[in-house]
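The values are calculated or read from the model by the stated rules, or taken from the named source; none is laboratory data. None of these values were measured; they are calculated from a predicted model. As a convention, Cβ positions derive from the backbone with ideal geometry for all residues, glycine included, and neighbour counts pool all protein chains shown. What goes into the accessible areas is simple: the full protein's heavy atoms, side chains included, and nothing from ligands, DNA or RNA. Shrake-Rupley method; radii C 1.70, N 1.55, O 1.52, S 1.80 Å.
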Amino acid sequence: MKNNKKIYIETYGCQMNFSDSEIVASILKENGYEYTDDLTSAGIIFVNTCSIRENAEDRVRKRLHYFKSLRKKNPGLLIGLLGCMADRTKTALMDDEQLLDLVAGPDSYRHLPQLLEQVGTGRRAIDTILSVDETYADITPVRLDSNGVSAFISIMRGCENYCSYCVVPSTRGQERSRDAASIVRETRDLFDRGYREVTLLGQNVNSYAWKSGNDTINFSDLLRQVAAVNPLMRIRFATSHPKDISDDLLHAIADNHNLCKAIHLPVQSGSNHMLDLMNRKYTREQYQERIEAIRRIIPGCTISTDIIAGFCDEAEEDHRDTLSLMEWVGYDAAYMFKYSERPQTLAADTLKDNIPEEVKDRRLTEIINLQQKLSLANNLSDVGKTFEVLVEGRSKRSENQYFGRNSQNKVAVFTKTASGPGEYVTVRITGATSATLLGEVI
Ligand code: SAH
Ligand code: SF4
Ligand code: F3S
């Protein structure tokens, strides 16, 4: 198996990590390596990791032990760790547990070819230095696991918001924006290759800023530029921070048909006491004001969120504030988590993770049950409406059905038509579950 240059990449965590794996594949391809989606034929395994919650790290650790066991059959197999766990766990996983040949952090992917050579000559291959300006702007990602219809584009890296619970500022470093022209170019290139939807990615896209001559291109400017690439190219983005989602941005979305009418606006908690301890820099009332602005400026826009249950000192009353805010907004969808203390965060250093596990569990269950109810009610209210749906592929449940999304980011399933993936169809909604709309093409 020596000199087997086939690379298998397994990715955990957020969309940014998936986008990074495509950059890694591109860098390695340029250097004579070949991507494979078949683990058994690979000579090199990369695991692109996430540190956001403890269970995310545990999952990766288990996987690494499994990969190590493959070396019995395949002695030349190289195992490398990428992403957010790199700096935090390199000593434990490489030196103590002997699970790794190589470690590269999120800003070191250009060095992967050298690092792989170092492994070949028996030298330690670790690079977890974070950069202030790396954006991989010039690299055209190799699209992995692609449906050929939708793709991710990273527009920023890092985060400096320092929400007290969050490990990202320490794993991904300083916030920096990518050259606007390179983002527009990548969008155009994707359109030419048949893609019809891009999602612009950053931890807080609202603070996007690129200096071009004397002008600064902000996020609304960028969205307008990307929207102008082609009216048939849909644009989504994530994530917006509630503290700086501007009316200008909402107007840009309202004014452009291809800027999707779906906003992900993580609230984390409905309690002002929690929001303060979380260092989120907005109050419940300010958040509500932004929701009202979305409803006013973009009628019909769906709103989704992230919620953390059982953060430090969370009283029953704080939890009820979260439930009541969820009802008030009537979220269309939510990602819901139990608080997990992370090392090197403000909360780990200054607050106590003092909510018992069973209380966290119960609160999370109440939050999930409420969201289920809200999602179902919202989806049922779509019955009878018609939407423009971008076909993504065949439905998992049935050979004879396609699925796709409407602008509001809801999945619709409908009987196959002559228009296939990458094409738009008009669908009348005839039924709904809490997760899916069912409809017929008209
Ligand atoms: N930058 C984005 C999201 C980043 S992480 C934002 O600010 O919204 C995605 C979600 O994971 C967060 O919104 C939060 O809800 C959750 N999360 C982050 N750290 C966490 C922790 N320590 N425990 C539990 N959930 C966490
Ligand atoms: Fe983490 Fe807050 Fe940055 Fe999001 S905005 S990545 S939650 S620090
Ligand atoms: Fe995880 Fe890093 Fe993303 S910690 S959520 S992979 S930025």
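Annotations for the structure displayed:
- Extreme residue, positive dipole direction of the chain, given options 75, 271, 60 (C-beta unit charges): 75
- For the chain, the solvent-accessible area with a 1.4 angstrom probe is 44 square angstrom per residue.
- Rounded to whole Hz, the Karplus (6.51, -1.76, 1.60) HN-Hα couplings of the range 366-375, x for glycine and proline: 5, 5, 5, 4, 5, 4, 4, 5, 5, 4
- Summarising the amide proton neighbourhood of residue 432: residues at separation of 5 or more, or on other chains, whose placed amide H is nearer than 5 Å comprise 438.
- Estimated FRET transfer efficiency when R0 is 30 angstrom, pair residue 426-residue 399 (beta carbons, to 0.05): 0.85
- With both labels modelled 7 Å from their Cα along Cα-to-Cβ, the residue 73 to residue 124 distance reads 3.3 nm.
- Lysine pairs in the range 6-127 with Cα atoms under 22 Å, if 8 or more residues apart or on separate chains: 8
- When each of the peptides 147-157, 27-37 is scored by the mean number of other C-beta atoms lying within 10 Å of its residues, the order from highest to lowest reads 147-157, 27-37.
- The range 146-260, dipole about Cα centre (Lys/Arg Cβ +1, Asp/Glu Cβ -1), debye to the nearest 20: 340 debye
- If R0 is taken as 22 Å, the Cβ-Cβ distance between residue 110 and residue 10 corresponds to a FRET efficiency of 0.60.
- Residues of type lysines that residue 410 reaches as a straight line, Cα spacing below 19 Å, ignoring anything fewer than 8 places off in the same chain: 261, 373, 385, 396
- Top positive-direction residue, dipole computed over the chain with Cβ charges, set 161, 104, 369: 104
- Reachable aspartates and glutamates, given that their alpha-carbon falls under 12 Å from the alpha-carbon of residue 281 and they are not under 8 places away in the same chain: 244
- Sites residue 29 and residue 320 - FRET efficiency at Förster radius 45 Å, r taken between beta-carbons, to 0.05: 0.30
- No Cys partner within the rule (Cβ under 4.7 Å), the chain: 14, 50, 84, 159, 260, 301, 312
- Taking the Cα centre of the chain as reference, the dipole from Cβ charges on Lys and Arg (+1) and Asp and Glu (-1) amounts to some 1280 debye.
- Within the chain, percent of DSSP bridges classed antiparallel, to nearest 5: 40 percent
- Here the peptides 379-386, 106-113 are ranked by packing, the mean other Cβ count within 10 Å, and the order with the highest first is 106-113, 379-386.
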